[in-house]
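Presented below is the structure to which this report refers.
The values are calculated or read from the model by the stated rules, or taken from the named source; none is laboratory data. This structure is a prediction, so every number in the text was calculated from the model and none was measured. Note that each Cβ is placed from the backbone with ideal geometry, even for glycine, and that neighbours are counted across all protein chains shown. Heavy atoms of the whole protein, side chains included, go into the accessibility calculation; ligands, DNA and RNA do not. Shrake-Rupley method; radii C 1.70, N 1.55, O 1.52, S 1.80 Å.
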Amino acid sequence: MKTLRKSFVSLAALLVLLVAQPLLADMEFKYYQKYPQRQTVTAMNGMVTATSPLATQAGLEILKKGGNAFDAAVATALMLNVVDPSMCGPMGAAFFVLYDAKAGQVTTLDAGSMTPLGFKAEFYKTDGKEDRAKMLEGILSMTIGGTIAGYAAVLEKYGTMSFAQVVEPALHYLENGYPLTEHHAETWKLTFPDVPLIFPNLARVFAPDGTWPKTGELVKNPDLAETYRIVAREGVQAFYTGSIAKKMVDYVRKEGGYWTMEDLAAYKLQWKEPLKMTFQGYEVYGMQPPASSMTWMQMLKLAEKVDWSKYTLHSAEYVNMMTEIERLAHADSYQWGGDPEFANAPGQLTLDDAYIASQFKRIKPGAAAPGKVQPGDPYAVTGQKPKFPIPGQAKTSEYTPPEPLPYKRVAMADKARFPEYPGQTTHVNVIDKDGNAVSFTHTLGTYFGGHDILGDTGVIGNNAANWDDLEISHWTEKPSNLALKPGARNRWTLCPGMFLKDGKVALLVGGSGADSTQPAVFQSLMNALVWKMNPQAAVSAPRHLYGDMRHYTAGTRLQVEPEIRDVDGTGEKLVKMGYDLVPASQVYRVGTPGYCLMIMVDTETGTRYGGADTRLDSQVSAY
């Protein structure tokens, strides 16, 4: 009788255990709480991730009202324009990876920024030499943005709601104000304290007393609300050919810029086939250049060459292998990430198996490659012919991978936190109850883009000119394949991604933080797919970053979060491998490791699991 009772007790305990644990038919998370973190959000219907609670709630409300993922994504984006104004706006750049569940199809939309047709390199020179300051901020740094055109196109092709409906939550906060978060108040004040004094029209809206607002102060932009009301009434053409366009062009020319109405009218969106690859049984999709999805995708392809069972997560050997993979892929990004209409941009070719094998042979486990790692040549390896002559490349009969270039070491305290107004971005993931999904990223470039508002439109101009080379590559020190050209789109670090399994969305991912974005996405994906963490653990786990956020320092400089650096002598071991380790006093949670947002889906049960980076104001909202 006791044996039978014990059997019933054991069975009851087993049933409790089964009920308490999620039934993951095609994924098994390893419980991971080595470091303090929030828990992953689970839901069965809609889910939204973004870098602001107010933004995710706006998207969620649209889903609850019957809108689909595409409606919710645009509503979330428009709210981010309000509550994260230094990161994104209608004159920025955006890249969308979209899944239509009914059609079972993934497509991508390039709403990147276009260099004005009247561009001349001489505009950005002083005494005949490149003047990066002119590319970094001010009227000359601004190009023609496509973000708002992208919003409108997504709604038109896939949405069920109008622009007027999805912009409504944003209008409330534009006109009535939102309380500034501590993160933004501190970042604006510390990163560029003098900007309100240099750019009075930006200060008129965001710093009316000449200084940035403090935490909790209300921030409003009623001019942008009026711009959005005009778009709702007249359509997005008002922004590119109508009254809004005229106001923006008049202001730019008054301030010494060279935009024309013809530039805005010439802007065109580009629907593209996605980049494609497989990883661990998943179909992986990313955005073609000039976005940078190919960078983390190439990292994953290189990672497939490694037997990770022989590594310990976050050990010095692990950080070394991950970093050397990242350095190779980033070098390619600075060479091959341009506009395919104007430059060699072999996105899919960089994922070719033969090319990946050639690149992987360049890694020497246990050692940092000395100097500045140089890009490989997928054309030479695969025998494919480039569309254009490759600048600065001598013709040879046999391909030999290039050796790293020497580089000038910078002081360890220099640029660790604020590299030339660090670039920032915002990412959004959305999935609805029917399985429609959006992964997209939008940006102004650096914080507040070009640091000026275009007249009384409330629209902040981007600083896209700062994200390409003028003539010479900062990376290869040769004539640049990414040089700015009239009418061309510039390279961006935006890198949205989507994973499918058995024809259904299984994972949405993306991030922000300039060129720290791609390694943040890669490291988070490795955490989730190789180390089997849930998405919240995957994006919260400690990370590393080599170089600075723009990687111009490149080389062997390495920043490592303390949970990795200070355990088991990892920092000392990395120094012995040849890395220049940034001192602990110069490593910051915000601005160092990039940021990541992720949704994972059990494709058999339909359960959604969300993770939002704890280094920002990010949040997951779901129902």
Excluding residues on the same chain fewer than 8 positions from residue 305, give the aspartates and glutamates whose Cα lies under 17 Å from its Cα. 317, 324, 326, 352, 353
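Which percent of the accessible heavy-atom area of the stretch 469-544 goes to carbon and sulfur, probe 1.4 angstrom? Could you put the intermediate results ahead of the total?
Working: 740 of 1400 Å².
Percent of accessible area from carbon and sulfur atoms in the stretch 469-544: 53.
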Of every Cα-Cα pair in the stretch 490-577, the percent that sits beyond 18 Å: 54 percent
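May I ask you to give the percent of accessible area on the stretch 223-375 that is carbon plus sulfur, with a probe radius of 1.4 Å? Present the calculation step by step, with values, prior to reporting the outcome.
Details: 2860 of 5500 Å².
For the stretch 223-375, the apolar C and S fraction of the accessible surface comes to 52 percent.
With charges only on Cβ, +1 for K and R and -1 for D and E, what is the dipole size of the stretch 498-585 about its Cα centre, in debye, rounded to 20?
On the way: 9 positive and 9 negative charges, 56 e Å.
That gives a dipole near 280 debye.
Enter the accessible area per residue of the chain (Å², integer; probe 1.4 Å; all protein chains in place). Display every interim value, and only then the final one.
On the way: 23030 Å² over 623 residues.
I get 37 Å² per residue for this part.
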Considering the Cα trace of the chain, what is its radius of gyration and what is Dmax, both in angstroms? 23.8, 97
Calculate I(q)/I(0) for the stretch 104-153 by the Debye formula, one identical point scatterer on each C-alpha and no solvent, and give its log10 at q = 0.17 Å⁻¹ to two decimals. -0.64
Kirkwood Rh and Cα Rg combined as Rg/Rh, the stretch 42-102: 0.98
For every helix of n ≥ 4 consecutive DSSP H residues, a contribution of -39,500 (n - 2.57) applies; sum these over the chain, divide by its total residues, and give [θ] at 222 nm rounded to the nearest 500 deg cm²/dmol. -9500 deg cm²/dmol
Sorted from largest down, what three extents in whole angstroms do the Cα atoms of the stretch 122-179 have along their principal axes? 53, 33, 12
With +1 at each Lys and Arg Cβ and -1 at each Asp and Glu Cβ, the charge dipole magnitude of the stretch 242-287 around its Cα centre, to the nearest 20 debye, comes out at 140 debye
For 253-261, 67-75, 279-287, ranked highest to lowest by mean beta-carbon neighbours within 10 Å, the order is 67-75, 279-287, 253-261
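May I ask which of 157/485; 272/504; 120/247; 102/433; 34/501 have a Cα-Cα span longer than 22 Å here? Please list the in-between numbers first.
Values: 157/485 30 Å; 272/504 20 Å; 120/247 24 Å; 102/433 12 Å; 34/501 29 Å.
Pairs exceeding 22 Å: 157/485; 120/247; 34/501.
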Taking the Cα centre of the chain as origin, work out the dipole magnitude from +1 charges on Lys and Arg Cβ and -1 charges on Asp and Glu Cβ, in debye rounded to 20. 1140 debye
In a Debye calculation with equal point scatterers on the alpha-carbon sites of the stretch 198-248 and no solvent, what is log10 I(q)/I(0) at q = 0.23 Å⁻¹? -0.84
When Rg is the radius of gyration of the Cα atoms in the stretch 176-216 and Rh is its Kirkwood radius, what does Rg/Rh come to? 0.95
Dipole of the chain, positive end: most advanced residue of 337, 55, 281 [Cβ charges, Cα centre]: 281
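Give the residue list of trypsin sites (Lys or Arg not before Pro) in the stretch 300-372 that are DSSP loop and have at most 14 other beta-carbon atoms within 10 angstrom. Working shown, then result.
Working: sites: 301, 305, 310, 327, 361, 362, 372; in loops: 305, 361, 362.
Qualifying residues, ordered by number: 305, 361.
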What is the percent carbon and sulfur in the accessible area of the stretch 42-132, measuring with a 1.4 Å probe over the protein chains and ignoring ligands? 48 percent
Selection from 201, 183, 211 lying farthest towards where the dipole of the stretch 180-239 points positive, charges on Cβ: 201
Using the Karplus equation 6.51 cos²θ - 1.76 cosθ + 1.60 (θ = phi - 60°), what ³J(HN,Hα) coupling, rounded to whole Hz, does each residue of the stretch 354-366 give in order, writing x for Gly and Pro? 5, 5, 4, 4, 5, 5, 4, 5, 6, 7, 10, x, x
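Take the Cα atoms of the stretch 49-197, build their convex hull, and give its volume per residue in Å³. Each step should come with its number before you reach the end.
Numbers: hull volume 22.1 nm³, N = 149.
Given the Cα convex hull of the stretch 49-197, per-residue volume reads 149 Å³.
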Environment charge of residue 196, counting only residues whose C-beta is closer than 15 Å and scoring Lys/Arg +1, Asp/Glu -1: -2
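Quick one: compute the contact order of the chain, relative version, from alpha carbon pairs under 8 angstrom and 6+ residues apart, as a percent. Write down the numbers at each step before the final one.
Working: 1413 pairs, mean separation 148.7, N = 623.
It rounds to 24 percent for the chain.
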Links exceeding 28 Å between C-alpha atoms in this model, out of 408/576; 65/532; 134/372; 65/276, come to 65/532; 65/276
Read phi for every residue in the stretch 322-331 and hand back ³J(HN,Hα) as whole Hz from Karplus 6.51 cos²θ - 1.76 cosθ + 1.60, θ = phi - 60°, with x for Gly and Pro. 4, 5, 5, 4, 5, 5, 4, 5, 5, 4
